[in-house]
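The values are calculated or read from the model by the stated rules, or taken from the named source; none is laboratory data. Keep in mind that this is a model prediction, so the values were computed, not measured. FYI the Cβ positions are ideal-geometry reconstructions off the backbone, even for glycines, and counts take in every protein chain you see.
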Amino acid sequence: MHIPDGYLSPIISLGMGVATVPTWAVATRRVQRVLTTRTVPLLAVFAAMSFTVMMFNVPVPGGTTAHAVGGTLIAIVLGPWAAVIAVSVALIIQALFFGDGGVLAIFANCLNMGIILPFVGYVAYRLLAGRSPVLSTRRVWAAGIAAYVAITVSALAVGTELGIQPMLFSENGHALYSPYGLAEAIPTMLAAHLFGASIVEALVTAFGVAYLQQRHPEYLTSLRGVVAGADVPEGETSRRPLWQTGGALVVGSIILLTIAGLVTGGGDIGKAFGADWSQVDWPSVATMLLVVAVIALILLPLAWFVLPRRMRGVGTAFVAAAIIAPLGLIAPGFAYGEGSTEDVQAAFGYIPQGLHDLSSVFSAPFAGYNLPLPFFSDANAALWQQAIGYEIAGFIGILLLGVAMYAITGLIRRAGGRASDAASPRPV
Amino acid sequence: MSAVRDPAAQDGHVGWVEHTLAGITGSIERAVFTEEHARSRGWLQRVDPRAKLGMFLIVILAASLSGSIVIEVGLYAVVLAAAVASRVPTDFFVKRVWLGIPLFAGIVVIPAIFFVPGERLFDLALGPVHLAPSIPGLIGAVLLVARVGVSVSLAVLLVLTTPWADLLKSLQAIRVPQLFILVLAMAYRYIFLFLHLASGMFEARKSRVVARTSGGEQRRWISGTMGNLLNRSFKMSNDVYAAMSARGFTGSIRTFNTYRMRRADWAALGGAAAVSTVAVVAGRGVA
């Protein structure tokens with residue numbers, strides 16, 4: 001997440017100072033008004049803590065590790081303005097002294113991780129927590145979700161900053177700075193965070209708030225109030241039964257899906273999500289669902305018991321994803337995430353160049369994500385036959401991906417180990 | 001090779017505890033090493049820190065502005081010469097910069113070579129995959145890596161030749177507020193205390209936990225450690241504040257400044273400005 005020098009044009013990276021420097025000035029003034037002479041020691045010690053927290057390797061589900069930023073946790077405890085200064089100081093020391101992130105890029109990095117992150121995290125936390133009691137479980141969830149949103153928005157900012165470079169600064173057809181446009185930089189940054197660093201940040205923040213509730217609840221009340229000038233609702237712990245939370249989630253998602261379907265279908269529920277549902281052959285869909293259910297009943301427990309303990313959860317989730325993949329066959333026409341480049345072009349009006357080049361790689365062995373055998377992909381094969389073909393293709397795909405990931409992580413680990421022998425660089 | 005070195009790696013599982021511990025020790029080691037070099041008697045070490053900060057900012061700016069590979073290579077030669085004149089061991093300096101870069105830049109840059117549209121250098125068909133690096137893509141990639149290399153080298157060289165205290169004082173020259181500088185200085189001092197604390201916590205866990213624990217437990221422990229550090233931070237900041245007010249701290253910050261810009265400092269600053277101007281102007285001409 002730390003942008004090194006050379007990726008951003010100096011005009012952009014110094015121009016970010018227009019946003020960061022005044023924010024620092026306002027933050028300093030606001031913190032000093034509350035803390036007066038305590039400002040310097042408190043901020044210095046918390047900056048040091050923030051630096052230390054950024055060094056922690058947190059185990060990610062699946063066996064690798066990632067770094068946490070901890071900006072949301074600090075913002076929850078100290079308030080956003082003090083968090084801005086604490087995290088920014090930690091980032092400046094990292095850049096100037098430990099070579100993480102560029103010197104000219106300090107403004108950009110401080111904007112992404114030191115300003116956007118704590119503010120988004122704090123605002124999301126306050127919105128989600130509402131006026132719930134300080135010790136309630138809702139605050140733990142609010143903290144986790146807020147941290148997830150905050151670091152994702154911060155990654156989005158990084159992607160945008162990198163993505164506008166080739167648009168603004170190109171010479172004779174080659175990009176002078178970061179080579180990717182918005183269409184590549186933003187999805188890459190988002191995907192890398194949504195399924196990795198953001199989850200880590202969310203878990204760490206949620207557990208951190210839970211720990212503070214248990215051991216040091218006073219930090220979630222008075223001190224934050226002192227620093228941020230906020231009023232904190234007092235109250236007793238209350239526990240909502242799990243079925244209520246689950247039920248609310250299910251009802252909420254059904255409502256959301258219905259609204260989304262109505263909007264995309266132009267108000268006609270028969271044309272929800274832009275597909276013509278009257279053409280669906282429901283009896284064959286029922287057969288397919290039955291077949292899929294039987295496969296799931298056999299394969300899920302099998303995966304759970306066969307896989308080694310370390311990757312049990314993730315592995316079973318992937319198997320489940322492969323099993324439900326053919327549900328996309330129900331919808332006539334465009335299946336989400338499975339469209340060929342022609343579908344994508346029809347929907348979005350253009351094809352990202354990278355997707356175009358890559359698609360030829362994958363379409364070769366499994367045309368249309370199905371096995372090239374007449375039983376599975378024949379024009380008049382039954383829906384459930386196609387579904388099984390989809391699933392087998394999906395499993396093979398997951399296996400290939402797994403092997404590739406394993407090889408790549410092995411290579412990176414080896415390269416990293418060799419590099420750390422000589423100079424011990426830290427992963428960015 | 002990695003499997004033999006680390007017993008924890010033998011089952012293909014390098015622990016996050018070891019990772020963190022290695023990171024922490026690496027940082028402390030690096031800081032000690034850096035201070036050592038910053039106090040040796042080379043050319044850059046003798047230059048006034050304010051002049052030095054100006055020089056490095058100007059040259060980094062020039063490296064960022066120039067759009068030519070030739071210029072970047074030339075700037076890198078100048079940086080290397082400065083490093084040699086400042087008695088920074090060249091092999092270490094080169095390694096520290098270039099071993100860290102491929103991890104990030106390589107992952108970003110290599111795909112770009114193939115995706116950037118334009119004339120192709122060659123077209124190697126491997127079944128359905130066409131391995132065809134485009135010429136604009138290659139030029140962009142080399143330029144980016146060269147520029148990142150020069151910028152990182154400059155930042156590393158600045159840090160290697162300037163004690164932290166001097167670097168902070170030089171920030172005053174570019175009008176960074178006193179309060180900010182004091183926070184930076186104190187934060188740097190407490191970082192080592194906290195790194196020490198954290199490494200103690202991780203070592204305690206490493207030496208006591210023998211079973212393989214679940215990911216959830218590990219994350220809960222990490223979060224607990226963070227919460228614990230938070231608690232200690234509050235306590236420590238109170239103690240530090242008490243100590244500061246006992247010694248007469250009233251909120252206003254005064255420093256004494258013994259630096260004087262000598263003729264050699266002005267000459268070095270001027271030289272850096274000249275090199276940068278030449279680099280930027282010539283970079284417009286050379287492709």
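Apart from one condition, B:SER237 fits all of (1) in contact (Cβ under 8 Å) with a residue 40 or more places away in the chain; (2) buried (at least 18 other Cβ atoms within 10 Å of the Cβ); (3) polar (S, T, N, Q); the exception is (1).
Quick check: anything in region A:86-106 β-branched (Val, Ile, Thr), over 20 Å from A:LEU8 (Cβ atoms) and crowded, with 24+ Cβ neighbours inside 10 Å? Scanning region A:86-106 turns up at least one residue that is β-branched (Val, Ile, Thr), over 20 Å from A:LEU8 (Cβ atoms) and crowded, with 24+ Cβ neighbours inside 10 Å.
Within region B:180-197, residues that are facing chain A (nearest Cβ under 7 Å) and in contact (Cβ under 8 Å) with a residue 60 or more places away in the chain reach partners that are β-branched (Val, Ile, Thr) and part of a helix (DSSP H, G or I) with beta carbons closer than 8 Å, at six or more positions or on different chains, in the pairs B:LEU182/A:VAL40; B:LEU195/A:THR52; B:LEU195/B:ILE24; B:LEU195/B:ILE28. Restricting attention to region A:95-123, report how many residues are more than 10 Å from chain B (Cβ to nearest Cβ) and aromatic (Phe, Trp, Tyr). Counting residues in region A:95-123 that are more than 10 Å from chain B (Cβ to nearest Cβ) and aromatic (Phe, Trp, Tyr) gives 3. All conditions in (1) out of contact with any Ser or Thr (no Cβ under 7 Å at 6 or more places or on another chain); (2) in contact (Cβ under 8 Å) with a residue 24 or more places away in the chain hold for B:GLY227, with the sole exception of (2).
Within region B:158-167, the set of residues being more than 9 Å from chain A (Cβ to nearest Cβ) and closer than 19 Å to B:ILE253 by Cα comprises B:ALA165, B:ASP166. In the set (1) crowded, with 24+ Cβ neighbours inside 10 Å; (2) under 30 Å from B:LEU197 (Cβ atoms), the condition left unmet by A:SER13 is number (2). Scanning region A:206-247 for residues that are at pLDDT 85 or above and either over 30 Å from A:ILE85 (Cβ atoms) or in contact with a His (Cβ under 7 Å, 6 or more places away or on another chain) (or both) gives a single hit, A:GLY247. Here is a check on your reading of the model: is B:VAL84 modelled with pLDDT of 70 or more and surrounded by 19 or more Cβ atoms within 10 Å (Cβ to Cβ)? Answer is no for this residue.
Tell me, please, whether a residue that is without any contact (Cβ under 8 Å) to a residue 12 or more places away in the chain, more than 30 Å from the chain's Cα centre (by Cα) and surrounded by fewer than 12 Cβ atoms within 10 Å (Cβ to Cβ) can be found in region B:271-285. Checked against the condition, which is being without any contact (Cβ under 8 Å) to a residue 12 or more places away in the chain, more than 30 Å from the chain's Cα centre (by Cα) and surrounded by fewer than 12 Cβ atoms within 10 Å (Cβ to Cβ), region B:271-285 yields at least one hit. Residues satisfying the criterion are present in region B:254-266 (criterion: within 14 Å of chain A (Cβ to nearest Cβ) and farther than 30 Å from B:LEU143 by Cα). In the set (1) within 7 Å of chain B (Cβ to nearest Cβ); (2) touching a Ser or Thr at 6+ places or on another chain (Cβ under 6 Å), A:ARG38 fails one condition alone, (2). Inspection of region B:203-219 identifies at least one residue that is free of Cβ contacts under 8 Å to residues at least 24 places away in the same chain, within 13 Å of chain A (Cβ to nearest Cβ) and surrounded by 20 or more Cβ atoms within 10 Å (Cβ to Cβ). Condition check for B:ALA77 on (1) of a type outside the set (S, T, N, Q); (2) without any contact (Cβ under 8 Å) to a residue 12 or more places away in the chain; (3) in contact with a strand residue (DSSP E or B) (Cβ under 7 Å, 6 or more places away or on another chain): one failure, at (3). From the list B:VAL159, B:VAL183, pick out the single residue that is within 30 Å of A:ARG30 (Cα to Cα), buried (at least 21 other Cβ atoms within 10 Å of the Cβ) and at pLDDT 80 or above. Of B:VAL159, B:VAL183, the one residue that is within 30 Å of A:ARG30 (Cα to Cα), buried (at least 21 other Cβ atoms within 10 Å of the Cβ) and at pLDDT 80 or above is B:VAL183.
Considering each residue of region A:145-155 in turn, at least one proves to be over 20 Å from A:SER88 (Cα atoms) and in contact (Cβ under 8 Å) with a residue 24 or more places away in the chain.
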